[in-house]
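Comments concern the structure below.
The values are calculated or read from the model by the stated rules, or taken from the named source; none is laboratory data. In this text, all values refer to a predicted model and were calculated from it rather than measured experimentally. So basically every Cβ, Gly included, is an ideal-geometry build from the backbone, and we count neighbours across all protein chains shown.
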Amino acid sequence: MRRTRITATVAAFAISALALAGCSGGQADAKPAASGDSTPIKVVVLGGIGAKGILANNATTSVTSAQASVAAINDKGGILGRKVQIQVVDDTGDPTVAVTKLRELMAGKDKPDVVLNSGPSTVTEAMMPIVTQNKVLSFDIGPTVTSGDPKKNPYNFDLSAGVPDYINSFAEEMKKRKVKKVAILHGSSAYGELFGTVTKDSFAKAGMTVTGDEGYDIAALDMTPQIEALQQGKPDVLVLDAYGAPLGYVLQGIEKLGWNIPIMGNTSVSATGLIATAPPTGVLGTSAVKNLTMQVFTSTKHDAKDKAVNDAVAQMKKAGDIKSSLILAYNYDSMFLVKAAAEKAGKFDAAAISKALIDPKVQKSAGTAILSEYAFTADSHTPHVKPGDFLFISPGPLVDGQFQ
């Protein structure tokens, strides 16, 4: 079973990359207090469902999780007696498109009460000034350096854990494996750069030698030069950040060089569909992934005993398609958090809900599933997750968003 979350160090992280919810008691299941306002609560979820390949699949899962979250909350009587309506906006995964459409919504008569996004972190970065200026409650699954900083974005909450928490789980796993020397390979995205910086510092503080730290252009088709440079340091393990097509090119480069090195992929790796897909469209079961283990949440690995997650998967299947892993389904937890916070505040107001969301009792009562507790604080609107809530597993087939 999944363990409870604890407060850890602050920072933002992305990915990664996830969903569902609800069986606990408390405010999340309490009878909603009537607010006297019968107008629907308007939720907008942005996602690149019109994009191509892995981005479209991941966005579809994220959007489905948001739709399922709204349906589940409406089944519980809505929020403060008000039904929740959701609008899907296809931003094609393009920050410029996301900004244009979000500004149109903010200027229209149906201004949203809550904005959700489906990543990547570049979309989060673009939308933050707009939701903050308009004082609209928002949640993102692709955090940036500042998206979880309440001083800069007081109404936004990251749903993906902070970089230190992800990295701490790497450090704990490497201690078990008795790793001494580490090489790091990461992409040039905002998330990738942050991942590279924090891993390098954290591993060094944990007593490991970082033999190399290389970044690659995510638009490149060949990462061999960076891989060769890291190979020269003779590390015990390669820590890898790669999402989508770049992951395939990295794995090709490693095979091309004949480098027999254990690879530990982050949640961007486990969120990439080719990992769970057999040839010719994927690499599952091939020599390219023989040395790979990848980071996932415990909720992303199927556990027949985990009722909260299994109930959430069933709710998602009613709402739409689960085309990628539950690491992309954080948005399911969003409305459970909003409901618990609004009922604590006694009104639907972005500032009041934001304040209530930092209350540990509200977080525990929300009934979330992908993360059982988000541990937001007054200083950080980023979840804080302990190492025990992560697993490192070999690639395998995905069934209903979970690795088998």
| Taking helices (runs of 4 or more DSSP H) that fall entirely within region 223-331, which contain at least 2 residues that are within 29 Å of PHE157 (Cβ to Cβ) and out of contact with any helix residue (DSSP H, G or I) (no Cβ under 7 Å at 6 or more places or on another chain)? | 307-319
| request: Please tell me if PHE336 is within 21 Å of LEU55 (Cα to Cα), within 23 Å of the chain's Cα centre (by Cα) and either crowded, with 24+ Cβ neighbours inside 10 Å or not assigned by TED's automatic domain parsing to the domain that holds ILE263 (or both). | output: no
| note | The correct count of residues that are charged (D, E, K, R) and buried (at least 16 other Cβ atoms within 10 Å of the Cβ) in region 102-125 is 2
| Do we have VAL210 as in a strand (DSSP E or B) and in contact with a helix residue (DSSP H, G or I) (Cβ under 9 Å, 6 or more places away or on another chain) here? | yes
| Residue tally, condition on the phi > 0 side of the Ramachandran plot and either outside the structural domain of LEU102 (by TED's automatic domain parsing) or not in a helix (DSSP H, G or I) (or both), over region 48-68 | 0
| Pairs with Cβ under 9 Å, 6+ apart, first in region 261-277 and on the phi > 0 side of the Ramachandran plot and of a type in the set (D, E, K, R), second surrounded by 22 or more Cβ atoms within 10 Å (Cβ to Cβ) and assigned to a strand (DSSP E or B) | none
| note | Exactly one of PHE392, PHE336 is closer than 27 Å to PHE170 by Cα and either of a type outside the set (Asp, Glu) or part of a loop (DSSP other than H, G, I, E, B) (or both), and that one is PHE392
| request: Give ASP165, ASP140 a once-over and let me know the one that is modelled with pLDDT under 95, within 13 Å of the chain's Cα centre (by Cα) and crowded, with 24+ Cβ neighbours inside 10 Å. | output: ASP165
